[in-house]
Amino acid sequence: MNHKVLASLAFLLSSAIAGVSGTPPHEALHVLSPITHGNLTIFPVVGGTDYDTSHLLTLDEGIKAGSVIITEQGALRGLVRRGSAPSGGSAEVNRLVLVNNSDRPLLLLAGEIVTGGKQDRVIGADRLVPPKSDPIDLSVFCVEPGRWVAHSDKFGSMNSQMAQPSVRVPAMAAKNQQQVWDQVASARKSASLASALENDPQGTATGGNDLSYRSTTSYAATMAAPQVQRKIDSVAGNYDGVLQQLRKTGAKGVVVAVNGEIVWVDLFASNDLLMRYWQKLVRSYAAESLTTVGAHSKADESAAQAFLDRMKGNREVIETEPGVFRRAEITGDSYKVFTLTALMPKTDFDVHIAKMTYDKEARLEFPQGGLRY
């Protein structure tokens with residue numbers, strides 16, 4: 001019996017064990033003691049294999065270097081490689097076109113925001129883009145309702161923050177533009193109000209002073225407003241200190257709780273990737289805690305571990321781009337898991353896993369921002 005057959009049998013056996021235990025055998029992951037600031041609690045996640053991800057290019061790195069170009073559908077002149085067939089048509093709300101001119105695979109995460117064009121958009125699904133790619137259609141959702149006038153032909157990135165979890169949920173799970181708009185409006189209003197009340201505890205500023213959500217519909221512009229930035233920074237806490245702690249422990253991800261309730265998990269193939277995305281991630285978690293109402297309570301470490309361990313579900317949908325990536329969406333009881341697996345040479349591993357608390361029937365009203373489960 002050759003080594004390949006033995007390896008296949010071992011994989012099948014380990015998969016069967018995983019199906020019984022509910023925990024993937026190749027990932028002995030566990031949470032560490034929580035880091036809490038205000039109503040935001042973060043549990044570092046350690047363990048498992050730390051893969052080499054240095055070859056992966058992030059969106060911010062690619063845009064900064066000029067090697068990744070994003071533009072509206074129909075604005076591809078000069079970007080198309082000889083022999084390729086560009087997509088036709090005019091600009092569309094839920095479609096952009098991306099070209100990766102770099103020599104490295106590009107990693108895109110659901111929740112990353114691109115600004116410019118006819119309106120700001122949020123990426124709706126994780127994916128990998130091969131080096132020197134032909135133009136690809138990028139599935140996105142609008143996070144700036146009302147504007148349809150080009151600020152520029154090309155897009156930049158909101159490199160200091162991703163969309164907060166309550167905005168990512170309807171994009172990733174519901175795939176519903178109206179729900180994205182609803183969450184954007186709620187988050188913008190709550191963030192602006194919270195930042196205004198910090199400087200005006202009596203609430204008199206709500207009558208019309210410098211509330212940025214009154215003059216823009218852009219999620220990115222609201223979150224980038226100086227007074228909102230200061231409030232997010234205060235909630236994010238000691239950014240450098242947490243970063244050093246995550247690096248020292250070799251953390252590969254985090255479990256996130258707001259007001260004591262577990263809401264999100266981000267896991268990466270390496271500590272390197274977590275470090276490269278950390279600023280954007282922690283600020284998105286801080287924005288979520290800033291815009292979520294509810295009584296403060298202590299997050300439970302055992303609950304965080306239990307949530308981390310449950311990665312199986314009742315239904316699984318898989319999308320594959322052969323030789324590039326596989327994307328799986330798993331639906332469980334009141335949660336969803338999204339896994340991006342690289343299929344390129346020497347990269348056959350899970351690059352990113354996102355898990356969210358999700359109950360379709362319970363997600364109906366969010367009067368002050370943030371999801372209520």
Legend entry - Filtered residues of the stretch 313-327 (kept if within 18 Å of His352 (Cβ to Cβ) and surrounded by fewer than 17 Cβ atoms within 10 Å (Cβ to Cβ)): Gly313, Glu316, Val317, Ile318, Glu319, Thr320, Glu321, Val324
Inset, instruction - May I ask you to list the residues in the stretch 104-139 that are buried (at least 24 other Cβ atoms within 10 Å of the Cβ) and more than 21 Å from Arg276 (Cβ to Cβ)? - result: Gly117, Asp120, Arg121
Inset, instruction - Report, ordered by the first and then the second residue, all pairs with beta carbons closer than 9 Å, sequence separation of six or more or different chains, a first member in the stretch 306-323 that is touching a residue at least 12 places away in the same chain (Cβ under 8 Å), and a second member that is of a type outside the set (Lys, Arg) and assigned to a helix (DSSP H, G or I). - result: Asp309/Ser21; Met311/Ala18; Lys312/Ala18; Lys312/Gly19
Inset, instruction - Residues being in contact (Cβ under 8 Å) with a residue 60 or more places away in the chain and buried (at least 20 other Cβ atoms within 10 Å of the Cβ): count how many of those fall in the stretch 339-348. - result: 2
Legend entry - Count of the stretch 304-331 residues which are under 24 Å from Val46 (Cβ atoms) and assigned to a strand (DSSP E or B): 2
Inset, instruction - Those residues that are buried (at least 24 other Cβ atoms within 10 Å of the Cβ) and either of a type in the set (Gly, Ala, Ser) or without any contact (Cβ under 8 Å) to a residue 40 or more places away in the chain (or both), I need them from the stretch 252-273; list them, please. - result: Gly253, Ala257, Ala269
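What number of residues within the stretch 335-348 satisfy the criterion of being at pLDDT 95 or above and either assigned to a loop (DSSP other than H, G, I, E, B) or among the polar types (S, T, N, Q) (or both)?
Of the residues in the stretch 335-348, the ones at pLDDT 95 or above are 335-343.
Checking the rest, the ones that are also either assigned to a loop (DSSP other than H, G, I, E, B) or among the polar types (S, T, N, Q) (or both) come to 339, 341, 343.
Looking only at that region, the number is 3.
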Inset, instruction - For the stretch 109-138, name all the residues that are under 17 Å from Ala173 (Cα atoms) and assigned to a loop (DSSP other than H, G, I, E, B). - result: Leu109, Ala110, Gly111, Glu112, Gly124, Ala125, Asp126
Inset, instruction - Answer yes or no: is there a residue in the stretch 224-246 that is surrounded by fewer than 21 Cβ atoms within 10 Å (Cβ to Cβ), of a type in the set (Ser, Thr, Tyr) and part of a loop (DSSP other than H, G, I, E, B). - result: no
Inset, instruction - Return the pairs, sorted by first residue and then second, in which the second residue is of a type in the set (Gly, Ala, Ser) and in a helix (DSSP H, G or I), the first residue lies in the stretch 52-69 and is at negative phi and buried (at least 21 other Cβ atoms within 10 Å of the Cβ), the beta carbons are less than 7 Å apart, and the residues are 6+ apart or on different chains. - result: Val68/Gly62
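Listed here are the residues, each with its yes/no results for (1) in a loop (DSSP other than H, G, I, E, B); (2) at pLDDT 95 or above; (3) among the small types (Gly, Ala, Ser).
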{"site": "Thr53", "(1), (2), (3)": "yes, yes, no"}
{"site": "Gly62", "(1), (2), (3)": "no, yes, yes"}
{"site": "Arg82", "(1), (2), (3)": "yes, no, no"}
{"site": "Ser87", "(1), (2), (3)": "yes, no, yes"}
{"site": "Asp103", "(1), (2), (3)": "yes, yes, no"}
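The values are calculated or read from the model by the stated rules, or taken from the named source; none is laboratory data. None of the values given here were measured: they were computed from a predicted structure. Note: ideal-geometry Cβ built from the backbone for every residue, glycine included; neighbour counts use all protein chains shown.
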